[in-house]
Structures are given as structure tokens and as C-alpha cells.
Amino acid sequence: MKESLWTAGERLVTRAAHVLEHHPRQITALVAAVLLVTGGGAYAVASLGPDPAALPVREIIEDVATLPLAEQVEALDTHQFSLFTNEEVRRTDTVDSLLARLGINDPAASVFLRQDPVARQQLLASAGRNVSAEATGGHDLLRLKVRWAFDDPTKFKRLVVERQPDGKFTSRVETAPLTASLRVGSGVIRTSLYAAVDDAGIPDAVTTQIAEIFSGTIDFHRGLRSGDQFGVVYETLEADGEPLRTGRVISADFVNAGRKLDAMWFQETGQRGGYYNFAGESLERAFLAAPLAFSRVTSTFKMRFHPILHKWMAHNGIDYGAPMGTSVRTVGDGRVEFAGQQNGYGNVIKIDHGKGDETVYAHLSRIDVRVGQGVHRGDAIGAVGMTGWATGPHLHFEFHENGALKDPIEIARNSHPVELSAAARPDFDRAAAALRTQLAAVSAAASNVASR
């Protein structure tokens, strides 16, 4: 009997070992489940927490003061919020389309702006005018201002439309001073100067000044190179904090074909201001390099095949291609000797600059000066046209020296510069040191762009 029980026990252990050997995961999971169930049961039995139903209950009643929400709501109702927006007048604008872009939904304001003589005359007078509006939270117009430049370069005009306490609108035109602030810009020449300044966000008026400043040493028609770079510090004239027009270039530098050129504006006391390099050498010449602010040369001072006469002839001037109506300026101080029509020249102006020097401006579409009138270098005298013998709109420009025709570009480059007096030198040096530091930071930005 004992032997058979022993034998049965051995068999049971052997079978258990066999099962454990061949099914270890299942056995482990079974043991874990048993332990979990028995452990949970033990926890439930061993819980020593008090029975919540047997805990004592006590009721407490207190007076609570309410928050003054009604007063806050009333204060918010009486507080006025204003909305401010800015826009520019577009060529296709109407009163309603402009108000819509400004976020104004006010029929009374729309009626007033259409009917009031002052507002009707100035609001949509020309595209590009700066407009700012102040409105209530309900988009009713409180105040509208329109700003524009006029003949005085130091001032601007402002149309003001305001809602009065009785709800009615009033209008008036004011004159106010412009305020100057400095801006900087830099660029790298890839294709042209105008493309570079467009990429840099610099106004065209600054581009014209840069070309003018360095025209004595850089041929902007033929001498620019890819990779040339420039930096500039210039004025922006603001009306009520909004940019309205471009002011003067204060300082600039230009790297052209490896040459670094610099310039700064300086005005001696009681003298006309001008541009000098940082060494104090004047960049101003008696004559401008070209009678157009910026254009392209279509025919130079040399022999050419005449497009109308169809034969080779000496071209005794320079032709500048430009759109019809482009402003033409005198290249130097002088007096108008002739203004009218003259054979193949069409509408032509001749200016006597004294000492035997004379300039001719031909094929004009418009003449803006009269015989005997005095003019100063850079003054507008007419506009590009195609009168006389011309196959397209352009300006024919000549320079006469004691009756002999000369290359205008060479004359401009060789004309005498304006001299800096010894008394002004200390003031100039102080100004140059400050501007050199300022411009160096701008030029570093241009170099970083060029190296990319």
C-alpha cells in the first residue's frame, strides 16, 4: 500500500514537472491570477476604515455677501472702445469701398462724405493718399483723416472729418509740419540698380539720389557689375507718424567693380549743401551727369547710322530713352536762351550757362520754361516727347563749349567740384565720424547678403 502511494506520488510529480516544462507561461499566469484574487479578498476583509453611514453630521449656515457684479457690468457698458485702421486710397475707390476696407459700417458717415464739398473734393482726389479712421465698437465712424503732400516739402495737408456730440459730422483741411526720421537700406546688384533697391524695399526717390550722388565716378548705364553692393541712410518724412514722402539721402556707400565709394550730405553755415566723401572731397560738379533722373542711353556721342536719313553721321549728343512725359531737368545753373520749335529738334530748349557753355534739350512733348527765365541745376524744364525727327519717345541732349559740340558725360565728369572751406572742416569731421559708424553697420548687412 505504501509502495503504491509512493509510486502514485512519483507519477504526479513527474507529470507536474512535465507540464511545467512544456507549458511554463500558462502555469505562471494561473499562479498570478490566483494570487491576485486571494490578495483582493484579503484586502477587502482587512479594510479598517470607518463606515461613512456611522459618521456624525453637522449643518452650518452662514450669510455670504454677493459680489458687486451689477456695478462692474454697468461700468463696462459706459466704457467706450475705439477701433483704429489705416488704408491707402485706390484709383478705383468709391466712398463706400474705402469705408468698407476701413471697417466702417455707418450710413450717415457715407452720406456725409459724398455730399460735403470739402470731403468730396479731397477724400478720393488721388490714389496713394494715406487714410486713417477711428470707429466705435459698433463700427460707427468717430474720426477720419486723409493726408497728402503738396508743394511745400516741409509740410503736408490733412483732411479731418469728425463726429460731433450731437451725432453730426464736420470737415476741415489743415496744414501741418512733416517730421523727419532716419531709415537704412542695403542691397546687392544682380541685374540693375532699380531691381536691387526694389528687392531691398528702398523707395525709387532714394535710388535716383544714389545714382545722382555717384554719377561723377560710376557710369550707371554701362559700368555696374553683378555683385556690386551699396548701403544707404536716408530721411523719411512722416505725417502723424505715417510715412508720406522720401527725404534726402544722408549718407551712402557703393562698391563698384572692387572700388569702395562713400558720400555724406553736409551744409556749411550760410552755404548751399552738397555731398562729400568722408575725406572731405566734394562729389558735387558744376553740371549733372544727365538731364533725366535715371534712364537708359540709346545713342552715345559717336558716329551712328541715322534712323531717318539712313546714312552714317556723327551723333553730336546723347539720346536717352524714357517714357513719354518723363520730367527733363537742366544740368546746371543758367538762363533760358531759346524755348520753342526748331526744325528736326521739334520742341527744344537751349540754356546758356555762361563762360561759353550751352546745353540743348530736344524732341520735348512739353516746355515748362520761358525765354529769359533763370534756372538752377536740377530744375524741371520740360518733358520727354517725340516731336520733330524722332522715331520714338526720347530726349536728345547736347553740350556746346564755345560753339564746339562736346560729349556731355565727359563734360560733367570734368567740371569743377564745390570746395569745402577750412572753417567748416572741424564740423565736417565730427559729422563724418558719426555717419561713418552708422553706415558701416548698414554696409555689413549688404556684405552678408552678397556672400550668400
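What to note about this one:
- Net charge of Cβ neighbours under 13 Å - reference residue 160; Lys, Arg +1; Asp, Glu -1: +2
- For the stretch 226-292: rounded, prolate or oblate by the Cα gyration tensor [a/c cutoff 1.5]: oblate
- Each principal axis of the Cα cloud of the stretch 117-257 was evaluated for its coordinate range; sorted largest first, these ranges are 68, 31, 23 Å.
- Computed extension length for residue 115-residue 71: 11.5 nm, one decimal, from 0.36 nm per residue of separation with the Cα-Cα distance subtracted.
Bear in mind that the values in this text are calculations on the coordinates, not laboratory data. Quick caveat: nothing in here was measured; it's all calculated off a predicted structure. Please note: Cβ atoms are built from the backbone with ideal geometry, for glycine as well, and neighbour counts cover all protein chains shown.
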